[in-house]
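The values are calculated or read from the model by the stated rules, or taken from the named source; none is laboratory data. None of these values were measured; they are calculated from a predicted model. Virtual Cβ from ideal backbone geometry, glycine too; neighbours counted across all protein chains shown. For accessibility, only protein heavy atoms count, side chains too; no ligands or nucleic acids. Shrake-Rupley method; radii C 1.70, N 1.55, O 1.52, S 1.80 Å.
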Amino acid sequence: MRKLAAILSLLLIASIIAVEVPGQEISSGTHRLVSPVRLTEAKWTDGFWHQCTATCRDQTIPAMWEIMQGTKYKPYLEHFRIAAGLSDGNYHGAPFNDGDFYKWMEAVCAAYAADRDAEWDARLDEIIGIIANAQRKDGYIHTPVLIANRNGNAEVRPFGDRFNFEMYNMGHLMTAACVHHEVTGKDDFLAIACKAADFLDEAFRNPTPQQATHAICPSHYMGLVDLYRATNERRYLNLAERLIRMRDQIVDGGDDNQDRVPLGRQTEAVGHSVRATYLYAGIADLYAETGDEELWKPLSAIWSNVVEKKMYITGGCGALYDGASPDGSKNQGEITRVHQAFGRNYQLPNITAHNETCANIGNVLWNWRMFLASGDAKYVDIMELSLYNSVLSGVALNGTDFFYTNPLRQQDIAPVELRWSRTRVPYLTSFCCPPNVARTICEVNGFAYGRSERGVWVNLFGSSTLDTTLPNGDRITLRQETDYPWNGRVNIAVETLSQNEMSLFLRIPGWADGAKLLVNDKPHRVTPGAYAEVRRLWKGDDVIELVLPMQPQLVEAHPLVEEIRNQIAVKRGPIVYCLESTDLPADVHVGDVAIPLNATFTTRFDNELLGGVTVLEGKAEVANVKPWGNELYRPFKPHDAKKIDLKLIPYFKWSNRGKSEMTVWMPLGQ
């Protein structure tokens with residue numbers, strides 16, 4: 001019977017999937033100004049992202065498989081085997097472990113798009129078969145419930161606990177299945193996702209206020225829209241809209257899950273930062289398909305609030321381990337506990353910064369979708385900032401150790417004991433971030449370019465090739481060569497002869513004052529923070545040269561960010577730099593170091609350091625200050641300072657040379 005059900009599911013998929021034109025979207029979204037390219041169309045050829053994806057493919061994904069196929073830490077694949085009746089046992093793990101396994105599968109699929117590794121393809125086939133056998137006939141799939149039922153506990157039912165993460169897990173199932181279908185052309189995983197969506201469509205046909213609370217970490221909004229685009233089945237888009245709209249039925253919500261205030265009235269980011277950024281990304285997806293301005297209005301207001309008042313210089317999101325929101329409200333009855341959350345406006349601590357890696361990835365997903373809907377470069381600027389800094393910081397250079405949180409300062413003496421490791425480790429009890437990093441790194445090539453009716457959009461810089469087809473049928477191939485982000489020179493060659501005029505849109509980052517663009521050696525006007533459009537009939541040998549200034553910049557924060565008043569950070573291009581104690585004399589702590597007012601830095605690429613990195617070198621001041629004891633205050637006394645040599649490294653590469661102190665922000669000296 002299971003084989004017959006599988007065959008019927010595949011026949012159903014075949015009946016609803018539209019005929020696919022190579023290089024074109026099945027459903028591009030009538031309100032999406034830019035469409036993404038396929039993962040198979042954009043490929044890294046050398047340089048920064050080529051190295052990152054190679055490490056992910058060769059180290060991260062296999063190491064994670066060793067964890068997830070076994071039971072040393074927690075069962076992942078084994079849970080599906082138990083649910084399918086292939087093994088005996090109980091559920092042992094976090095309720096969101098299914099979703100983490102789906103994220104790892106998505107990473108494997110994205111890597112397969114580049115290397116076509118037959119061994120991983122066969123392994124995916126085997127895993128998908130196990131998941132299909134675990135899925136209930138009605139489409140429900142969530143192993144904590146399925147295992148309890150199989151073991152005789154009929155009292156455990158679907159959606160019995162809003163914190164059981166069923167929607168989160170199924171959302172990641174849908175997205176992973178869509179990526180698998182895109183890169184392999186197979187329908188078996190997609191059939192499982194469609195059955196799960198069909199179950200949700202029936203279960204939430206007339207949602208109640210109680211059902212409305214089941215939206216914790218809402219990856220399912222993105223997943224359903226992904227499924228709609230992959231199958232052209234309108235029911236899935238309607239379901240996504242219905243599930244988003246039902247949030248307004250909640251009468252006793254709180255800020256931790258962004259449901260205290262109806263969506264249309266929200267103007268600032270509150271609560272759990274992963275839940276928030278996933279929510280905003282899903283709403284942006286829905287807007288792209290519906291064009292409903294009532295969705296875009298709160299998104300725009302919340303985005304401005306994050307970027308102007310709540311985001312770290314690294315693109316990190318979620319200042320607080322724990323807190324209360326809305327903090328300071330006159331109506332104290334509406335205040336609820338929040339965790340791993342956005343804080344008040346301008347509340348951006350350093351040592352105790354949470355900045356969960358998943359939240360920073362959520363920031364990427366949200367800004368990517370805002371860009372696709374609008375074509376506005378400011379969203380890609382934030383996406384790039386997060387990718388290079390607060391996302392990559394989540395994984396070590398070896399590809400097998402991970403951070404859950406990403407603070408901007410680490411000192412030997414901290415003000416409070418914190419619950420997450422201050423060094424990267426191979427396994428975390430909450431293992432959501434590692435597979436999320438893996439799938440994100442393997443999919444950055446999909447962010448690098450976009451396409452629209454007018455042409456190709458160059459969003460991210462890195463040595464790569466693009467071979468895609470525009471909506472009018474014109475095939476475009478181009479090659480990008482650059483040492484970015486260590487060097488600001490980018491060369492692009494359009495290698496195909498176009499039959500019609502086509503535009504090449506090149507992002508000029510907002511930080512790139514003085515950028516220069518040459519087309520066949522002729523200057524072209526550019527504006528930082530916008531796309532430069534070059535429209536012409538391409539001849540097949542046209543060459544574009546973009547030169548982005550990469551001088552180190554001293555950065556200060558708004559004076560209301562009290563934690564870093566009179567401190568500065570150093571940034572070069574998209575990279576935020578930090579000071580690590582490894583590069584200081586043994587008797588100097590990072591908290592002792594100040595940056596002179598007239599500080600200047602020289603750049604040097606060190607191929608032997610941290611896998612190859614551009615370091616910033618200059619002078620700093622170290623104050624001769626009496627060590628602090630237990631006193632909270634003491635009389636101020638002027639002190640002398642000595643000069644020392646200073647070396648700064650990219651923030652995302654800290655903690656790769658053993659235990660160390662680190663800081664991004666440093667006080668101003670003399």
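Couple of notes before you dig in:
Condition check ((1) of a type outside the set (D, E, K, R); (2) in contact with an Asp or Glu (Cβ under 8 Å, 6 or more places away or on another chain); (3) within 30 Å of Pro559 (Cβ to Cβ)) across all residues:
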position	(1), (2), (3)
Gln211	yes, no, no
Ser219	yes, no, no
Gly223	yes, no, no
Tyr228	yes, yes, no
Glu233	no, no, no
Tyr236	yes, yes, no
His272	yes, yes, yes
Leu295	yes, no, no
Ile313	yes, no, yes
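- Verdict on Ala281 being part of a helix (DSSP H, G or I) and closer than 21 Å to Thr357 by Cα: yes
- Of the residues in segment 544-561, not one is in a strand (DSSP E or B) and loosely packed, with under 13 Cβ neighbours inside 10 Å.
- Top-ranked residue in segment 357-402 [being more than 14 Å from the chain's Cα centre (by Cα), closer than 28 Å to Met666 by Cα and not basic (Lys, Arg); ranked as most open to solvent (accessible area, probe 1.4 Å)]: Leu397
- Every pair of residues 6+ apart whose Cβ atoms lie under 8 Å, when the first sits in segment 496-522 and is farther than 15 Å from Val547 by Cα and modelled with pLDDT under 95 while the second is among the aliphatic types (A, V, I, L, M) and surrounded by fewer than 18 Cβ atoms within 10 Å (Cβ to Cβ): Ser498/Leu537; Asn500/Leu537; Glu501/Leu537; Met502/Leu537
- Close pairs from segment 106-119: first within 16 Å of Gly185 (Cβ to Cβ) and part of a helix (DSSP H, G or I), partner β-branched (Val, Ile, Thr) and open to solvent by 30 Å² or more (accessible area, probe 1.4 Å), Cβ under 6 Å, at least 6 apart: Ala113/Thr40
- Residue count, segment 146-204 (criterion: small (Gly, Ala, Ser) and either surrounded by 21 or more Cβ atoms within 10 Å (Cβ to Cβ) or part of a helix (DSSP H, G or I) (or both)): 9
- Figure legend. Inter-residue proximity from segment 444-461: first residues in a loop (DSSP other than H, G, I, E, B) and open to solvent by 10 Å² or more (accessible area, probe 1.4 Å), second residues at pLDDT below 95 and not hydroxyl-bearing (Ser, Thr, Tyr), beta-carbon distance below 6 Å, spacing 6+ or different chains. Indicated pairs: Glu453/Pro471.
- Thr71 vs. criteria in a loop (DSSP other than H, G, I, E, B), of a type outside the set (Phe, Trp, Tyr) and modelled with pLDDT under 95: yes
- Look at (1) open to solvent by 70 Å² or more (accessible area, probe 1.4 Å); (2) closer than 19 Å to Arg409 by Cα; (3) free of Cβ contacts under 8 Å to residues at least 60 places away in the same chain and you find that Asn624 fails only one, number (2).
- For the criterion of being in contact with a strand residue (DSSP E or B) (Cβ under 9 Å, 6 or more places away or on another chain), of a type outside the set (A, V, I, L, M) and in contact (Cβ under 8 Å) with a residue 40 or more places away in the chain, Gly529 passes.
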